[in-house]
1. When you scan the range 93-116, how many residues do you find that are in contact (Cβ under 8 Å) with a residue 40 or more places away in the chain and part of a helix (DSSP H, G or I)?
2. Quick test for you: out of Leu236, Leu241, Leu201, pick the one residue that is out of contact with any strand residue (DSSP E or B) (no Cβ under 9 Å at 6 or more places or on another chain) and within 30 Å of Phe116 (Cα to Cα).
3. Being more than 19 Å from the chain's Cα centre (by Cα) and in a helix (DSSP H, G or I) is the filter; apply it to the range 77-92 and report the residue that is surrounded by the most Cβ atoms within 10 Å (Cβ to Cβ).
4. Does the range 132-154 hold any residues that are surrounded by 13 or more Cβ atoms within 10 Å (Cβ to Cβ), over 28 Å from Gly66 (Cα atoms) and of a type outside the set (D, E, K, R), and which are they?
5. Are there any pairs with C-beta distances below 9 angstrom linking a residue in the range 320-341 that is outside any helix (DSSP H, G or I) to a residue that is of a type in the set (Phe, Trp, Tyr), with the two at least 6 apart or on different chains, and if so which?
6. Check whether at least one residue in the range 333-341 is crowded, with 20+ Cβ neighbours inside 10 Å and under 19 Å from Arg233 (Cα atoms), and report yes or no.
7. Select, from Ser373, Ser333, the only residue that is more than 29 Å from Thr309 (Cβ to Cβ) and of a type in the set (Gly, Ala, Ser).
8. Taking the range 13-39, which residues are modelled with pLDDT under 95 and crowded, with 17+ Cβ neighbours inside 10 Å?
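The values are calculated or read from the model by the stated rules, or taken from the named source; none is laboratory data. Quick caveat: nothing in here was measured; it's all calculated off a predicted structure. Please note: Cβ atoms are built from the backbone with ideal geometry, for glycine as well, and neighbour counts cover all protein chains shown.
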Amino acid sequence: MSTHAASVSTPLVAPASPASSANKALVIGAAGLALTAIGVVVSSDAHGVAMSYLVGVTYWTAITIGMLMLTLIHHIVDASWSVVIRRQWEHWLAAFKWLFVLFLPLLVFAWLKPGFVWPWMDLNHELHGHGTVGTDVLYQKKAGFLNLNMFTGMTLAFFGIWVWVSARLRKASFAQDADGDVKWTFMNRKTAAFGLPLGALTLTFAAIYWVKSLEYHWFSTMYGVWFFANCVRGALSISVLIMLWLWARGDYKGVLNTNHLYSAGQLVFAFTVFWAYVTFSQYFLIWNANVPEETFWYNLRELNHDGTTNQWKWVGMLILFGHFFVPFLYLLSYKHKVVHAKVRPIVIWILGIILVDMCYNILPVLKDEHGDSLPFLSVNLVWVLTSVAGVGGVCVWAYLRSFPSTKLIPIRDPRIGESLTHHE
């Protein structure tokens, strides 16, 4: 193992990430956040801007959760192929504390202006044809779970757990580069043993609190799994882009081989099928049961009050074909998993469709005077883009800031030799 590692010509100490790249990411992030903040002030629909910001924060938090889950899964199964890629996941985990800071404005609004983002927080909020939230029987039954104190405490707990588990993983991995002690490997396995159930529970409750509760009348037992599928698919897609970037920079030459890309592509393909299974199961069960308390969620995303088709129906069709059929058929090809020029566009496509999926789950809560969901192609889409650019710029900056702090790959991991010589 050590002989092979020593023969690799690529420097194992990561060259400092270009300061210009990190600065550009931070500038883009600051500009996007500033534009979104201006939108809250100048827009005639400040609620719509806030909802768009929720899309941006949730989107990037989901990807970072995916990075955390991939790292935990790597350790719990003692994987070898992903050792050289794991370090990039660990660098990305540095974004969690900044995502918490970026989520704070939503919590501030929740306390200062209840109902501004999550309608159920305002007990006087008018429900179309159902009175107010405070008089709604369904809300009263769920009030022990859906209340501002619980929401705040749970959100703080989510980020606290994610930051803490990430810090443990990073500390042990980075320390092993220095002393090579196998105790750090065992520490990360222990972290993974309790981190995986914690991660599963927190991402599920986060999806329910932040997104699903926007329309709290709706029932779905598949929602946490749907969110998990998007988390991991997004994280894998970003991972592939990072791998290609490091190869183009020269860092990964002699380290990354075709089989690493193929394995990552296989996982992207697998989670494409998994997402389709979960999403179809949710839709089919609700359609088959035909219970109004469940079907209304899809009705809002297909029809207006007068029976005409709204834009969200076509967004749903885009998600159906773009989230499943396009990547599924494309990734059947071996070349499309390993040829850089072919795998890059499909992972970018997947990242875009995941964003559309987030919009589909969040933005239809914005309604007009008739109770119809506002169209997808509206000014709110502009605020979605500024929010995604703003939060994403900060996440990329956090990654680049962590990048030069340690070795390019975990050179003293017990499985590093197997990873460097990974084959299908």
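1. Matching residues across the range 93-116 total 16.
2. When all the criteria are applied, what remains is Leu201.
3. It comes out as Val84.
4. Matches in the range 132-154: Thr132, Val133, Gly134, Leu138, Tyr139, Ala143.
5. Leu331/Phe269; Leu332/Phe269; Tyr334/Tyr262
6. Yes: one or more hits.
7. The unique qualifying residue is Ser333.
8. Residues satisfying the conditions are Ala14, Ser17, Ala22.
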